[in-house]
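Enquirer: Here it is: the structure, laid out below.
The values are calculated or read from the model by the stated rules, or taken from the named source; none is laboratory data. Worth saying up front: this structure is predicted, and the values here are computed from it rather than measured. Here the Cβ positions follow ideal geometry from the backbone for every residue, glycine too, while neighbour counts run over all protein chains shown. We work out accessible area using only protein heavy atoms, side chains counted, and drop any ligands, DNA or RNA first. Shrake-Rupley method; radii C 1.70, N 1.55, O 1.52, S 1.80 Å.
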Amino acid sequence: LKVLRTVSDEERNEYISEAEKSILFYQNLVYTENEALNTILAEKGLFCSENNIDFHCSVDDIDLSFIRLSDLYAILGNAIDNAIEYVKDQKDDALRSISLRMNQTGSFVSIQISNPLSSKDLHYYESKGNLSSHKLLPSTKKDTLYHGFGLKSIRYLAEKYSGHMEYFGEDGLFTLQIILSRFG
């Protein structure tokens, strides 16, 4: 505080703005009983915060102990990274948003990640008869050689845990839904 009194108004305001951003980020962290999940959500949340992407998480009390840590990282990392890849280049702030919802019903864990679609992409999906889990998504990546591996990996891991993966576009949102079974 003594140092803040000695610096210029501009430096003081810059420091206060940075401190406010840090406080807001830590207030918005999701804490669960699973340290690996906490790490993933904090890492992806920090990236989103630094890149002006709204990242909303809702995680119920779920048991992820049946999932290998490397599989959990692969599923959530690929899923969130795909959403980030799409929204980070959007100019419209309304399109710079990601929503993650995780819950458990009986022996099934559900992971749902959604992000808004641009009007151009909405038009594309409408012209193709909407979006289907069996169609390859159009790539926003410059290097399309590696396009689709994240979703293939997520599908493989969902099936490994006797679950499934699907995605769809409706009501202006792209949604990836992953279901995993504790008794796979």
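Enquirer: From the protein chains alone at 1.4 Å, what is the descending order of accessible area for Lys152, Lys91, largest first?
Expert: Result of the area sort, largest leading: Lys91, Lys152.
Enquirer: Order the peptides 95-102, 49-56 from the highest to the lowest mean number of other Cβ atoms within 10 Å of their residues.
Expert: Listed from highest to lowest mean packing, they are 95-102, 49-56.
Enquirer: Return, for the Cα atoms of the stretch 26-92, the radius of gyration and Dmax in Å, separated by a comma.
Expert: In Å, with Rg to one decimal and Dmax whole: 12.5, 40.
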